[in-house]
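Reading through the structure tokens given below for one structure.
Each value in this text was obtained by applying a stated rule to the coordinates, not by laboratory testing. Just so it is clear, the model here is predicted, and its values are computed rather than measured. Glycine also receives a Cβ, built like all others from the backbone with ideal geometry; neighbour counts cover every protein chain displayed.
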Amino acid sequence: MSERLLEIKDLEKSFLGVHALKGVNLKVQKGEVHGLMGENGAGKSTLIKVLTGIYHKDGGSIWFDGKEIEAKTPIEANEAGISTIYQELNLVLFQTVYENLFLGREPRTRFGRVDRGKMIEEARRILGELGIAIDVTKPLNHYSTAIQQMVAIARAVSINARLVIMDEPTSSLDAQEVQVLFRIIRQLKAKGISVIFISHKLDEIFEICDRLTIFKDGEYIGDYDIGEMDQLKLISLMVGRGTVELKRNKQGYAFAKARPIAAMENIRQGMLLNGIHLTIRQGEVVGLAGLLGSGRTELAQVLFGSRQPEEGEIFWWGERTKIHSPSDAIKKGMGYCTEDRKVEGIIPHLSVKENITIALLPRLSRFGFIKTREQEKIVRHYIERLKIKTPSPDQAISNLSGGNQQKVLLARWMCMNPKLMILDEPTRGIDVGAKAEIEQLIREFSGNGISVLVISSEIAELERNCDRVAVMREGRVVEELTGDGIRQDKIFEAIARGSEREGTV
């Protein structure tokens, strides 16, 4: 049996009398990839912050490599051999790769100067051992997010970390970059370095983890070998329900004769879109699959008017139309939840109430004054309907979890009574409970005759929710799958194959 590296026993942590951790346990073996699972608010982040010295525990004990420890600061945790790679990297993008690798611990010459030659040489060696061949003298922002992640891992290895904690490390990576990251994780494992892996992407958990521990509402649920677990059991344990419904009841393809609500013909824009034909029918859930750069988001932006095509035509309810701007699309009955909700979706300094009703304000205003009673009624209706967890409608949206922020954005468009919802990565970075609720909303949209265009990098999500999937590659539709024919293996094959034909769907 593997030797134990980390053991956390009966850990307690409270904030203003509210228990964030209620006697939780965690055991990680040497050379193990260990998944830490739970919904937002389950206690994962609090435990990591206690372990790495950001928070101080109220009770319990932490044992690392046979010794009881209590890091007072992240620096102490690093010195003990614990390194954390956060979702938002704590590196200096305008500095060089080698400077980032040695940040805060630069080697010196005997005259006290920074030994840049040694830093460059060591940086090349460390990255080379991980199979990363890049110019270490270039600024870090010269490279992709994936390379930046690798540099963060290399930094952890270079400080002799024995435990590397990865918090949502794949959130900004495409499928190929994820596989590069997994290769490096397996290298760490082969060297006897342990990894705590936190992710909302269940496929990744089952691919890379050896064991996993589940938390719920700050409590320890249990730890399990990955071989004794499946996705339904895992989600049920995380959300505390006996069974979780993930599958849409699709009986064949029922939309072939439904009325088209939107259609795009021969849409072209530079090298991004190369003659796209796409039809969306009333009440249909259409998925767009493909790698980053395949043109999925750009196509949605053309339909919503935030990007103008060089060629091609758009039809709305069968009539040729021009959509010059998002305001044109909104007037026609479209809603659009963007891929980056923090930058392009939420307005962080405004309240939940203001974020929900901002697109509705022209209808809620009379003689320059907002009809506050009507506004309050609408907001409370959608908070209850979507189960948005907020202490008050006046709470700043920036204080909500990612899943609840996404629900607020959905509420923004739902109160506009849309005919077509465009959802770009609607469940990215949110916990499985919120993910299941949003997928249920997609089914409700369809059941109410609202059409949905879904872009997702999670193929299983498309398989579960879509009536039709258009697979894109290099700005073209290369395959179309419908109804029960929508399967993950078929989608992956189409993405990899990239048929030469132009798709018409």
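Return the aspartates and glutamates within reach of residue 138: Cα separation strictly under 13 angstrom, same-chain partners fewer than 8 residues apart disregarded; answer none if there are no such residues.
Partners found: 99.
Along the three principal axes, how long is region 94-251 when you take its alpha carbons, biggest first, rounded to the nearest angstrom?
70, 35, 27
What Kirkwood hydrodynamic radius do you get for the chain when you take the inverse of the mean 1/r over all pairs of distinct Cα atoms, in Å? Don't skip to the end; give the middle numbers.
Numbers: mean 1/r = 0.0402 Å⁻¹.
Value: 24.9 Å, from the Cα pair sum.
What spacing in nm lies between the two simple spin-label points modelled at residue 363 and residue 487, each 7 Å away from Cα in the Cβ direction?
That separation, rounded to one decimal, is 4.3 nm.
Helix 402-414: angle to the longest alpha-carbon principal axis of the chain, degrees 0 to 90, nearest 10?
It works out to around 10 degrees.
Given the alpha-carbon gyration tensor of region 149-231, what are the semi-axes of its equivalent ellipsoid in whole angstrom, ordered largest first, with each equal to the square root of 5 times an eigenvalue? Don't skip to the answer; put the middle values down first.
On the way: eigenvalues 97, 48, 32 Å².
Listed largest to smallest, the semi-axes of region 149-231 are 22, 16, 13 Å.
For the pairs 67/189; 9/389; 371/407, note any where the Cα-Cα span goes beyond 26 Å. Can you show the working numbers first?
Values: 67/189 22 Å; 9/389 30 Å; 371/407 23 Å.
Beyond 26 Å between Cα atoms: 9/389.
Determine the dipole magnitude for the chain: charges of +1 sit on the beta-carbon of Lys and Arg, -1 on that of Asp and Glu, nothing else is charged, the reference point is the Cα centre, and the result goes in debye to the nearest 20. Walk me through the numbers on the way to the answer.
On the way: 70 positive and 69 negative charges, 200 e Å.
Dipole of the chain, to the nearest 20 debye: 960 debye.
At residue 54 and residue 236, where each label point lies 7 Å from the Cα along Cα→Cβ, what is the point-to-point distance in nanometres?
3.4 nm
Can you give me the orientation-averaged projected area of the convex hull built on the Cα atoms of region 349-388, in nm²? Intermediate values should be presented prior to the final figure.
Numbers: hull surface 11.9 nm².
For the Cα atoms of region 349-388, the hull's average projected area reads 3.0 nm².
So what's the net charge close to residue 180: Lys and Arg +1, Asp and Glu -1, counting the other residues with Cβ under 12 Å from its Cβ? List each step's numbers first, then the result.
Values: positive: 183, 186; negative: 174, 177.
Taking every Cβ under 12 Å from that of residue 180, the sum is 0.
Round to the nearest 10 and give me the degree value, 0 to 90, for the angle of helix 116-129's Cα axis relative to the longest principal axis of the chain.
Roughly 70 degrees between the two axes.
For region 6-126, what D do you get in µm² per second when you plug the Kirkwood radius from alpha-carbon pairs into Stokes-Einstein at 4 °C and 1.567 mPa s? If you can, show how the numbers build up before the last one.
Numbers: Rh = 16.8 Å.
For these conditions, the coefficient is 77 µm²/s.
At what distance in angstrom do the alpha carbon centres of region 320-394 and region 404-471 lie from each other?
That distance is 17 Å.
Longer than 21 Å from Cα to Cα, which of 22/44; 353/377; 233/387; 257/322; 13/435; 353/419 are they? Say none if no pair is.
Working: 22/44 12 Å; 353/377 10 Å; 233/387 23 Å; 257/322 25 Å; 13/435 27 Å; 353/419 23 Å.
Result: 233/387; 257/322; 13/435; 353/419 exceed 21 Å.
Rg(Cα) of region 1-65 divided by 2.2 N^0.38 Å? Could the numbers behind the result be given before it?
On the way: Rg = 12.1 Å, N = 65, 2.2 N^0.38 = 10.7 Å.
Normalised by 2.2 N^0.38 Å, the Cα Rg of region 1-65 equals 1.13.
How many percent of DSSP beta bridges within the chain run antiparallel, rounded to 5?
60 percent
Pull up all non-local amide H partners of residue 473: gap of 5 or more, or a different chain, and H-to-H distance under 5 Å with H placed in the peptide plane.
Correct list: 478.
So if I place +1 on the C-beta of Lys and Arg and -1 on the C-beta of Asp and Glu, and nothing else carries charge, what would the dipole magnitude of region 96-254 be about its Cα centre? I want it in debye, nearest 20. Can you show the working numbers first?
Values: 23 positive and 22 negative charges, 113 e Å.
Dipole about the Cα centre, nearest 20: 540 debye.
Quick one: angle between helix 175-190 and the longest Cα principal axis of the chain, in degrees between 0 and 90, rounded to 10, please.
Roughly 20 degrees between the two axes.
Any idea how far the Cα center of region 130-157 sits from the one of region 67-129, in Å?
13 Å
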